[in-house]
1. Taking strands (runs of 3 or more DSSP E) that do not extend beyond segment 67-115, which have at least 3 residues that are touching a strand residue (DSSP E or B) at 6+ places or on another chain (Cβ under 6 Å) and touching a residue at least 40 places away in the same chain (Cβ under 8 Å)?
2. Among Q3, Q13, Q39, which is the only one that is under 15 Å from Q107 (Cα atoms) and exposed (fewer than 13 other Cβ atoms within 10 Å of the Cβ)?
3. Of the residues V50, V24, only one is within 22 Å of K86 (Cα to Cα) and surrounded by 15 or more Cβ atoms within 10 Å (Cβ to Cβ); which?
4. Considering only segment 56-115, how many residues are touching a Lys or Arg at 6+ places or on another chain (Cβ under 6 Å), surrounded by fewer than 16 Cβ atoms within 10 Å (Cβ to Cβ) and more than 19 Å from V24 (Cβ to Cβ)?
5. Would you confirm whether any residue within segment 65-73 is more than 14 Å from S21 (Cα to Cα) and at pLDDT below 95?
6. Just to be sure, is R45 without any contact (Cβ under 8 Å) to a residue 60 or more places away in the chain, open to solvent by 20 Å² or more (accessible area, probe 1.4 Å), touching a His at 6+ places or on another chain (Cβ under 9 Å) and within 28 Å of N114 (Cβ to Cβ)?
Amino acid sequence: QEQVVESGGGLVQAGGSLRLSCTVSGSISRTNAMGWSRQAPGKPREVVAVITSGGATNHADSVKGRFTISRDNAKNTVYLQMNSLKPEDTGRYFCQAVRPGGVDWGQGTQVTVNS
């Protein structure tokens, strides 16, 4: 099991940017994929972006062109660059590490976008 720790959330005005970071206790090169999900109050958790061990990425339609997931294997860290933020992006953002044996989740970091 990996320890997953997110950081970088905060309060931002609409149109602003934030960069979330996710650090894994072990080597992220051992994971099959890393991803970011988010959950707004009263709504189900949704996958925002995923990056495979080979570097292939996939972003939800709602964030395409605004969010970018990337990884730095040397730092065991995955990033989510969020630009042109909208109030509907508000929520708790969770990082997940997909291993052959299961999925490890972090505690999340809160992102609040004011209009």
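The values are calculated or read from the model by the stated rules, or taken from the named source; none is laboratory data. In this text the structure is predicted, and so the values were computed from the model without any measurement. Here Cβ is always computed from backbone atoms with ideal geometry, including for glycine, and neighbour counts include all displayed protein chains. To get the accessible areas, we keep the full protein, side chains included, count just its heavy atoms, and leave off ligands, DNA and RNA. Shrake-Rupley method; radii C 1.70, N 1.55, O 1.52, S 1.80 Å.
1. Working: elements: 67-72, 77-82, 91-99, 102-105, 109-114.
Correct list: 77-82, 91-99, 109-114.
2. Values: Q13 fails: under 15 Å from Q107 (Cα atoms); Q39 fails: exposed (fewer than 13 other Cβ atoms within 10 Å of the Cβ).
Sole residue among the options that is under 15 Å from Q107 (Cα atoms) and exposed (fewer than 13 other Cβ atoms within 10 Å of the Cβ): Q3.
3. Details: V24 fails: within 22 Å of K86 (Cα to Cα).
The conditions single out V50.
4. Of the residues in that region, 3 qualify.
5. In the first step, residues of segment 65-73 are kept if they are more than 14 Å from S21 (Cα to Cα); the result is 65-66.
Among the residues that remain, those that are also at pLDDT below 95 are: none.
No, segment 65-73 contains no residue that is more than 14 Å from S21 (Cα to Cα) and at pLDDT below 95.
6. Values: without any contact (Cβ under 8 Å) to a residue 60 or more places away in the chain: yes; open to solvent by 20 Å² or more (accessible area, probe 1.4 Å): yes; touching a His at 6+ places or on another chain (Cβ under 9 Å): no; within 28 Å of N114 (Cβ to Cβ): yes.
Taking the combined requirement at face value, the residue does not satisfy it.
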